[in-house]
Every structure is written in structure tokens, then in C-alpha cells.
Amino acid sequence: MHLESYELNRLDTMEKKHSNKFYVTTPIYYGTAKPHLGSLYSTLLADVAARWNKLYGHATFFLTGTDEHGQKVAQAAEKAGQLPKAFVDKLVPDYMNMWHKYEFEYNKFIRTTDPEHIHAVQEWVKTVQKKGDIYKSVYSGWYCTPCETYVTETEAGPTDKAPNCSSCNRETNYVSEESYFFKLSAYQDRLLEFYKNNPNFMVPKERLNEVIRFVESGLKDLSISRTTISWGVPFPGDEKHIVYVWADALTNYISAVGYGQKGHENEFNFWWPADLQILGKDIVRFHAVYWLAFLMAADLKLPKKLLVHGWIKVNQQKMSKSLGNVVDPEVLYDNYGADCVRYYLTRSMAITHDSEFSIKDLEERITSDLANDLGNLLNRMLTLAFKNNLAEVPKHTVWNEAGVDLRNACWDAIEEYEQYMNDCQYHMALARLWKYINQVNSYFHANEPWKLAKENRAEFTEIISAVCHSLYTIGFLLWPIMPKKMNELMQNLGKTVQVDSHNIIDLLKDNRWDHIFHLQITQTLFEKPEPAKKEEVMQKEKTEESAVQNYITIDQLMPIELRVGTIEDCQDLPKSDKLYQLRVNFGDFGVRQILAGVRQSFSPEQLIGKQAVFVYNLQPRKMLGTESQGMMLIAKDSDGLLRLVAPQERVANGTRLS
């Protein structure tokens, strides 16, 4: 949905009620691969936050999208044999389709290749440049392509070899080029003052302490342009440069709501600042330091809160050794449905730390929490009511002691659930709500309405009404988590989830339990996972695992000589666009000529002087008329990028791996 068509008729009337708006963002995802479990989780948290605020009657704006510029994307496109724009154009629908399946109601899907975004980035650069906070110089240092980030001198330490990236632990490359710099150092004191005055700016608070320590260690000016790549936003006034990807990517949060666009000033002033920005812990520094400084430099307001979630981990012993289909959102959707996966991720993944994902735990949650606790409660109540001709549950005004206690417990649950949700502690909110669901089950069982149906019609009706009112409240509170299933639950009660300008949370807290319910029996709310389903998912693991069980014996392994050598020279091999001709020094074992098909992934400068591992005793063979006297070992990472296999510390040339 475009911003222009999104409730603009409400903006004028709500301008005086700016507190009644809620703007939430996800990180924008690299346009190099399909959605994975981590990107699904971040987007789910944003959708839950947006829906929760809709229950307050807030005008909400939910932003997500893709980060499509930078060297990482350009390299992935080159390997796919495509131009960068064509490459990302094919991947973006994968995100949109997946988010639709999981019922994410985003208002805008931004792409950093959108013309409006490119214009906004250039406007930000010109604004900050006028202020004197951008200058041209030369950058020399270590750079991590997958993370699109530079490694600081402090992180690199005293070293004569490439340090690993502090974020992804991959090896970095040394670059030296002309660059425009942002005066990040000038904002160190302002940032520290902001952190001090806003201790609740980040959830969880421990992350803010890490950021403060980083800033206190001293900020250096930040390179925000590159000349060695061409895929990006042209730097205004100097198109030899492109805007460095983080200065480009972070600006999406303001470009999406009208920044730098004539005629969109009112929209921007209404939506900005963001109320909640959701991100993973690996990109905290970019958002809590660089992004805030960028905004300060442009005299823009700062976001109100950052929600930093941990990583979802997979137990390698129980799951496939690679993430594979088991944690593919498409596979989870096909086997368990959107709402069950949404519930599991919000209930079992704690915001404050890393959490484990397992199919077994997912299926147990669906069975125990959803099918047994909630679904069975609804089913038992409906079956009993229809069996005793109570399709219409009348208004009830006078409650006995047990009914009053259940209603009071309901009000208590709403207040505590509300506090947890507003603090973004979604797993705690759901744990509290399930405590109440268990209370309702206990109430239903203890009062034995199946006996009262014939003996005491009034008490029977009261019990059914109490359970209906409880389910009505539960349906609204769970709607941000499981929107489709809670709409189905409400249909069974003869109600609907209507989200408008009313504050539904306050209405629930004031609810005197005086509704009339027109009961309907539809399909079963939650199905327990079928054994065949589980076997289908697990079979994909077994197939994947069996594919790598092509064992060799120790006797077959021992003759292979893997030795470390230093690449002393690297030349293009004539007539080949893939092969390099390397001269490799193996110390006492001599110097050898080895051909390596890595020309599209490394420049000669990135290889010369590096140590790598080679198959030393491979029988020489000729390629394009040139003899190769060994083979260099190469690994491919999760992004499809090639990496040298090399020792962590320098060793003597010729050292044999054992």
C-alpha cells in the first residue's frame, strides 16, 4: 500500500493527537537471498506491535522492505549472471509473498532502489554537507563485504594480517580509496547525553550499556562513500562516488514516510519519529550510534525506542546440520499454518536473549497450548451449549461468587498482559494470558455445567456466559499474535474483531460482562500436528543428512597432503575469465604454480600475501595449456560468497594439516 493512499483523510483530524499514532519499522533485508527464520521473526515482532497498537485505536504505520545496494548484492548478482537490479527484482516477490502468507499487515514495502528513496538519501547528504559535517578524505583500513562495514583500529588490534569482522567473524579485506566522511566524532558527547537522559530507549537495557561502552571508547569519523563499486546511490555533486550502504539503508526509515519529498511534509511530520524500531543484536551499533548521529546532523527527531532481539538458534544435534528446509518459513507454513508458527515464535523466543528453535517444541506448543488449552475449551463450551439448546447466550448481570472471581481474574490478566505488551515482552505477556486460560479451564471443570444443564438452567447459562466473556477477551488479546485464528474464535461467539478508532483495550478493562453471544460451530480451531506431518518435515532432514554421508575410510584420507602456502603472485590466465595463475610458496617444499577458479570473487590484491590451504600432492594437470600443480581449498558461505580456507594464525609455509 502506498503512503499516499493510507488514511490521509485522517491525518488532519489527528494532527492534534500525535500521541495517537504508532510507527514501527523492521530492518530492511539484504536482497541476496529468500526470507529465512530470522527475517520472519523480526517482521513478526513488528506486525504484533502494529496490531497491538491498532487495539488502542492508534493510526499505525508498519514499514518493512529490502536493502538492495552495495558490494554484497553486486557480487551475488554477478555470480548469478545478472545485472543487480534484475537480480533483486526477482527476490523481492519472495518477501512480499511470504509476508502475505504470515498475515503481516505492512503499510509500505520499501526498496532502496525506489526513486523516492534515492532522492531522500541525496537530500540527507546535501543537508548534512551544508552543515559542514561531511568532508572528503582517503580511507585505508579493513572492510567486511558481507556486513558492509569497516573494522575499527581498536577491533583490528596490532596485526599484520586481515582481522576477522567483529560481527560475522569472516575475514576482512584491506581497502584504500578516496571517500567522503561523516563527522561521527563530533556527536560523541551528544550521543552519550542522549543515552543518559533516555535510559529506557533500548529494550533490553543491557544492549544500551554495550553501546555506551562503545561510544565512550571514542568515535572516529565514518566513511560514507565508495569509489570502487558502482551499484548504489550516486553521491550528490560527485557521481564518481556512491553513498556507502549504511548511510543509504538507514535513511529508508525516513524516506518511507516522506522525507525529502515535496508535498509530503505533513505526512513526514505526522509519522516521524518512529515509535519502535525492531532489529537484531548484530546491527545494534548501526542503529544506536550511526543512525542517531545521522538524524542529529540533519536536525531530525530521534526514534523513541529500539527493540533489539536475540538470535534464533537451531540445535544441530536434533535438527539438520544446515538450517535447510526445517527452518524455512515456507516449510513451516505448509506444515503448521501461519498462526501456529506466529504463536510459537512469540511465546517461545525470549526478546532478551538468544532462543532455541525445534520442531518438537513447536509441535508440543501447538498440542498443549493451542489445541488442548484454548481450542478444547472453546470446543467443550460450544458442544455443551448446542447440546442443551443454548445457541443464544443472554445478557447476564448478576454473578455468583465463582463468576465474580473469574471476572476479576480476567481484569487482572488484562492489566498485566497490557504492561508486558507495552514493554515488548511478548513471551511474558503470553505466559500471563495462558495462566488465565488455565483458570478458565479450571472454572469450567470445577462447576460441572454438564450436570447443571438439566438441574439448574440459570447456573448452567451463567457458566456458559462466563466462559464466552473470557474467550471474548482472550480473542482480542491474542489477535495481534494469531489474527486469523482469533477471527475464527470470535465467529464462534457471534462476534467480530473490528479495529477502528476505539480503544478496545480500555473497553475490555471496563467490560462488565454483559454481552449477548450468538454461538456458531465452525471448523476446529486448532488441529494437533499429525504424525504424518511431523514425519514429512523430519524426512526432509533425513534426506539432507543422508546426502552428506558419503563416507571415506581413514586409509583413504591419510595419503592426502593438505599444506599451507603463501600466495606470492597472482596473474590472470589468458583465455579464461575464471582462472588465476598463482605462484605459491610452500617453504622447504618449494614453490608451485597452481590454477584457481576464483577470479570472479577475488582481486589479485586480495590474494597476494595471503596464506591458504592447498592439496599439495594432487597429480598435476593442464588447463587451457597451463599446468596446475595442486588445488586451493575454497569454502562458500551462507550468502554464496567464496572464502579462503586458511589458518587463523600465520604458520610456516609447507605446514601439513593433521
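The values are calculated or read from the model by the stated rules, or taken from the named source; none is laboratory data. If you're wondering where the values come from, they're calculated on a predicted model, not measured in any experiment. Heads up, the Cβs are rebuilt from the backbone with ideal geometry, glycines too, and the neighbour counts pull from every protein chain shown.
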Qualifying helices (runs of 4 or more DSSP H) (wholly inside the stretch 239-344; at least 3 residues being touching a Gly at 6+ places or on another chain (Cβ under 8 Å) and modelled with pLDDT of 95 or more): 265-271
List the pairs whose first member sits in the stretch 586-605 and is acidic (D, E), whose second member is modelled with pLDDT of 90 or more, and whose Cβ atoms are under 9 Å apart, counting only residues at least 6 apart or on separate chains? D588/A652; D588/N653; D588/G654; E605/C570
Return the only residue of A80, A46, A50 being small (G, A, S) and either modelled with pLDDT under 95 or not assigned by TED's automatic domain parsing to the domain that holds I254 (or both). A80
Run F526 past the list (1) at pLDDT 70 or above; (2) within 30 Å of L362 (Cα to Cα); (3) part of a helix (DSSP H, G or I); (4) not basic (K, R) and report the number of the one that doesn't hold. (3)
From the list R592, R599, R583, R621, which one is outside the structural domain of Q71 (by TED's automatic domain parsing), among the basic types (K, R) and surrounded by fewer than 13 Cβ atoms within 10 Å (Cβ to Cβ)? R621
Can you give me the ranges of the helices (runs of 4 or more DSSP H) entirely in the stretch 385-491 with at least 1 residues that are outside the structural domain of L45 (by TED's automatic domain parsing) and under 32 Å from the mean Cα position of the chain (by Cα)? 401-422, 426-447, 457-478
Quick check on the stretch 408-429. Is at least one of its residues over 27 Å from I366 (Cα atoms) and of a type outside the set (G, A, S)? yes
I'd like the residue in the stretch 597-625 that is β-branched (V, I, T) and part of a strand (DSSP E or B) and, out of all such residues, is farthest from V73 (Cα to Cα). V615
Verdict on Y41 being modelled with pLDDT of 95 or more, under 25 Å from T352 (Cβ atoms) and not hydrophobic (A, V, I, L, M, F, W, C): yes
Criterion: within 26 Å of L507 (Cα to Cα), among the aliphatic types (A, V, I, L, M) and touching an Asp or Glu at 6+ places or on another chain (Cβ under 6 Å) - qualifying residue of I474, I463, I437: I437
State which residue is surrounded by the most Cβ atoms within 10 Å (Cβ to Cβ) when the search covers only the stretch 560-580 and only residues that are in contact with a Lys or Arg (Cβ under 7 Å, 6 or more places away or on another chain) and among the basic types (K, R). R563
Would you check which residues across the stretch 345-364 are assigned to a helix (DSSP H, G or I) and out of contact with any Phe, Trp or Tyr (no Cβ under 7 Å at 6 or more places or on another chain) and list them? R347, S348, I359, K360, D361, E363, E364
Can you tell me how many residues in the stretch 99-113 are crowded, with 21+ Cβ neighbours inside 10 Å and in a helix (DSSP H, G or I)? 1
Given (1) under 30 Å from V48 (Cβ atoms); (2) buried (at least 17 other Cβ atoms within 10 Å of the Cβ), index of the condition I463 fails: (1)
